[in-house]
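To start, the structure under review is shown below, and the notes come after it.
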Amino acid sequence: MTIGYPRIEEAMSWQFAAHLASRLDGGFIVNGLFQDGFYNILEVRAPGALIGVNRPGSIHFHETPTGVHGQILSDRWHQQVLEEDGLRDLVRSVAETSGLRLLTAPRTDPIALQWRVTARLVTARLFGRLPWTCGMDFDRSQPGGRHLWLLRKGDDTIAELEEGVVRALSGRQVRLADEYRQGKTIDELVALVTRVTKP
């Protein structure tokens, strides 16, 4: 089932990718563009694993510890995440198929918090006037090195995200891990990022 609404597919893709990456030791997310941007994919990477999430389409197993390569989880995953405990069950199913061991709880290091806040933020703004999206700045990111992300509201970039630091265009910034250690929840971090990115 393809949703057909980009802002919903964006939220679903980020929710899945963030839930999976934050439960993997050494897991992180990169943004892949293929065939001149026709395929806009969130890639969850971890040692020995690469799982691709094609926002409007399927989940692809490109590399796994179990040796599963090229297998495709049909686009029914969009429907599954809407079911009771669907997101949790999907993450578990992908981990089992891949041979990935999930941590007992989501990580709270800066980069994992960045994914978790991004997913919650994109979802929270789902029904706003303009969609919120997040993608890599390919001009300033390097494979195996710097990963710079741009948070956008509609067509406008409103903040940069890098290594758990959110930098608004105004110069204000939020260090997510510092705020989390001071007792803020993920939802409170989302609210803080929203305030900081306001013009």
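The values are calculated or read from the model by the stated rules, or taken from the named source; none is laboratory data. Because the structure is predicted, anything quoted here is derived from the model rather than measured. Note that each Cβ is placed from the backbone with ideal geometry, even for glycine, and that neighbours are counted across all protein chains shown. Side chains included, ligands, DNA and RNA excluded: accessible areas come from the protein's heavy atoms. Shrake-Rupley method; radii C 1.70, N 1.55, O 1.52, S 1.80 Å.
The figures follow:
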{"quantity": "Yes/no for Arg129 being outside any loop (DSSP other than H, G, I, E, B) and open to solvent by 10 Å² or more (accessible area, probe 1.4 Å)", "calculated": "no"}
{"quantity": "Cβ pairs under 8 Å, 6+ apart, first in the stretch 10-33 and closer than 17 Å to Asp85 by Cβ, second assigned to a loop (DSSP other than H, G, I, E, B) and β-branched (Val, Ile, Thr)", "calculated": "Met12/Ile3; Met12/Val81; Gln15/Val81; Phe16/Val81"}
{"quantity": "Qualifying residue in the stretch 84-91 (condition: at pLDDT 85 or above, in contact with a helix residue (DSSP H, G or I) (Cβ under 7 Å, 6 or more places away or on another chain), small (Gly, Ala, Ser) and closer than 28 Å to Ala191 by Cβ)", "calculated": "yes"}
{"quantity": "Qualifying residues in the stretch 148-184 (those that are open to solvent by less than 10 Å² (accessible area, probe 1.4 Å) and part of a loop (DSSP other than H, G, I, E, B)) - the one nearest to Arg195 (Cα to Cα)", "calculated": "Gly164"}
{"quantity": "The stretch 23-47 - residue that is on the phi > 0 side of the Ramachandran plot and at pLDDT below 90 and, of those, surrounded by the most Cβ atoms within 10 Å (Cβ to Cβ)", "calculated": "Gly37"}
{"quantity": "The stretch 59-76 - residue that is touching a helix residue (DSSP H, G or I) at 6+ places or on another chain (Cβ under 8 Å) and at pLDDT below 85 and, of those, surrounded by the most Cβ atoms within 10 Å (Cβ to Cβ)", "calculated": "Leu73"}
{"quantity": "Cross-chain or 6+ apart pairs with Cβ under 7 Å, the stretch 107-134 first and over 17 Å from Asp156 (Cα atoms), then in a helix (DSSP H, G or I) and open to solvent by 50 Å² or more (accessible area, probe 1.4 Å)", "calculated": "Thr108/Tyr180; Leu113/Tyr180; Arg120/Asp187"}
